[in-house]
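Here is the structure we will look at.
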Amino acid sequence: MSRQPTKSKSNSRSAARAGASRPQAPAYDQNGNDQQSSGSSSTDRIASRASGLAHEAADTVMEAASETAATISRQLTQLLDKQLADGADVMNQVASSVRLAADDLDDNVPQVAGVVRTLADKVDSYGGKLREQSIEQMFGSASALTRRQPGLVFGLAAVAGFLVFRTFSVAPRSSKQPRSGMH
């Protein structure tokens, strides 16, 4: 018995797959242009346009953010300058009060009154200098002092930290001690 080769279903399937993977001839529109390349060029144009719009939107957002940051910075600087001027006013008021105290001390202890008056003059002078400076100038001066005399600045920071610590550690705490006489 001889067997003759028969076509199986699997052979016809593989033939169909092979035909599907073959490149198809390009389709042309009415003007004779290749439709696939015309479709891809319109897709490229749309993608290019979308990219351009995205870049414009990003630039607009960045510009708005930059303007907002500049406005906030300007307003914060104005607020700090006002606070600096208010601080100078307080210093001038303290100097006036110290001068009044020096006047009271003049009759009993004239030497101490002279020292207190000198202190009032220094506070008043410092308040005037403070009023003439902007916040940027003040930070620049503090930065320059820190570079010139770091030990002094470190020492002042340590003293300030110690005073703050002592102030909060000595502050009255809510007492839960039993009241005497009542149980």
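Computed from the coordinates by the stated procedures, all read-outs in this text should not be read as laboratory data. The shown structure was predicted, so the numbers you read here are calculated from the model rather than taken from an experiment. All Cβ positions, glycine included, derive from the backbone under ideal geometry; neighbour counts span all protein chains shown.
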Taking region 51-103 and keeping residues under 30 Å from residue 115 (Cβ atoms) and of a type in the set (Val, Ile, Thr) leaves 90, 94, 98
query: Within region 96-116, can one find any residue that is among the basic types (Lys, Arg), in a helix (DSSP H, G or I) and under 24 Å from residue 153 (Cα atoms)?
result: no
> Based on what the data block shows, is residue 99 of a type in the set (Lys, Arg) and more than 30 Å from residue 130 (Cβ to Cβ)?
Replying inline: no
